[in-house]
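Engineer: Below you'll find the structure I mean.
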Amino acid sequence: SLIPLLSAACRPFGCTVGLQKQIDQLSIESNELQAGTPDQPTLTMNLLLRNRADIALAWPDIELTLNDDDEKAMIRRVFTPAEYLPSVELINAGIGANAEQTIKLSFDITQGTASGYRVYLFYP
């Protein structure tokens with residue numbers, strides 16, 4: 001990778017070199033939301049993120065929206081790479097070229113019962 005060399009050359013000028021952000025090359029191949037129990041209101045989402053690009057890409061933010069019976073948003077939560085990846089090294093390396101990564105997100109809900117959800121990838 002040329003990134004370390006380019007980063008070193010760029011440093012004296014105050015610029016930075018980072019991973020590319022190509023949201024159109026990232027997709028959610030599968031996802032599943034598992035509900036908690038009344039005494040343990042933790043939801044767990046498992047999803048399979050795929051990079052279809054021939055290069056490593058920056059990790060996206062993941063937005064999860066829980067909807068009520070009328071498809072109105074009840075809860076919207078954004079997960080950053082720092083929240084869903086175990087290490088800074090993995091974040092800095094990006095999601096590999098033509099790679100898939102399983103991601104597990106857990107969080108508590110304190111209001112209402114969701115009847116549907118939507119998952120969305122984006123770069124802030």
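The values are calculated or read from the model by the stated rules, or taken from the named source; none is laboratory data. Fair warning: this is a prediction, and the values are worked out from it, not measured in the lab. Don't worry about glycine lacking a Cβ; one is built from the backbone with ideal geometry, like all the others, and counts go over all protein chains shown. Quick note on the areas: whole protein, heavy atoms, side chains included, nothing else; ligands and nucleic acids left out. Shrake-Rupley method; radii C 1.70, N 1.55, O 1.52, S 1.80 Å.
Engineer: Hey, any hits in the stretch 106-117 for a residue that's aromatic (Phe, Trp, Tyr), touching a Ser or Thr at 6+ places or on another chain (Cβ under 8 Å) and at pLDDT 85 or above?
Structural biologist: Yes; the residues of the stretch 106-117 include at least one that is aromatic (Phe, Trp, Tyr), touching a Ser or Thr at 6+ places or on another chain (Cβ under 8 Å) and at pLDDT 85 or above.
Engineer: Need the failing condition index for Leu43 against (1) modelled with pLDDT under 85; (2) under 30 Å from Leu5 (Cβ atoms), just the number.
Structural biologist: Among (1) modelled with pLDDT under 85; (2) under 30 Å from Leu5 (Cβ atoms), the lone unmet condition for Leu43 is (2).
Engineer: Same structure again: Those residues that are part of a strand (DSSP E or B) and either exposed (fewer than 15 other Cβ atoms within 10 Å of the Cβ) or in contact (Cβ under 8 Å) with a residue 40 or more places away in the chain (or both), I need them from the stretch 62-77; list them, please.
Structural biologist: Ile62, Glu63, Leu64, Thr65, Leu66, Asn67, Ala73, Met74, Arg76
Engineer: Considering only the stretch 93-113, state which residues are at negative phi and either touching a residue at least 60 places away in the same chain (Cβ under 8 Å) or in contact with a Pro (Cβ under 6 Å, 6 or more places away or on another chain) (or both).
Structural biologist: Here is the first cut: in the stretch 93-113, the ones at negative phi are 93, 95-97, 99-111, 113.
Across the stretch 93-113, the qualifying residues are Ile95, Glu100, Lys104, Leu105, Ser106, Phe107, Asp108, Ile109, Thr110.
Engineer: Considering only residues of the stretch 1-29 that are part of a strand (DSSP E or B), at pLDDT 95 or above and not aliphatic (A, V, I, L, M), which is most open to solvent (accessible area, probe 1.4 Å)?
Structural biologist: Glu29
Engineer: Of (1) assigned to a loop (DSSP other than H, G, I, E, B); (2) surrounded by fewer than 16 Cβ atoms within 10 Å (Cβ to Cβ), Ala53 satisfies all except one. Which?
Structural biologist: Just one mismatch for Ala53, condition (2).
Engineer: Give the residue that is farthest from the chain's Cα centre (by Cα), with candidates limited to residues of the stretch 78-105 that are closer than 14 Å to Asn31 by Cβ, of a type outside the set (A, V, I, L, M, F, W, C) and surrounded by 12 or more Cβ atoms within 10 Å (Cβ to Cβ).
Structural biologist: Per the stated criteria, the residue is Glu100.
Engineer: Is there a residue being closer than 17 Å to Gln22 by Cα and touching an Asp or Glu at 6+ places or on another chain (Cβ under 8 Å) anywhere in the stretch 56-66?
Structural biologist: The answer is no, given that none of the residues of the stretch 56-66 is closer than 17 Å to Gln22 by Cα and touching an Asp or Glu at 6+ places or on another chain (Cβ under 8 Å).
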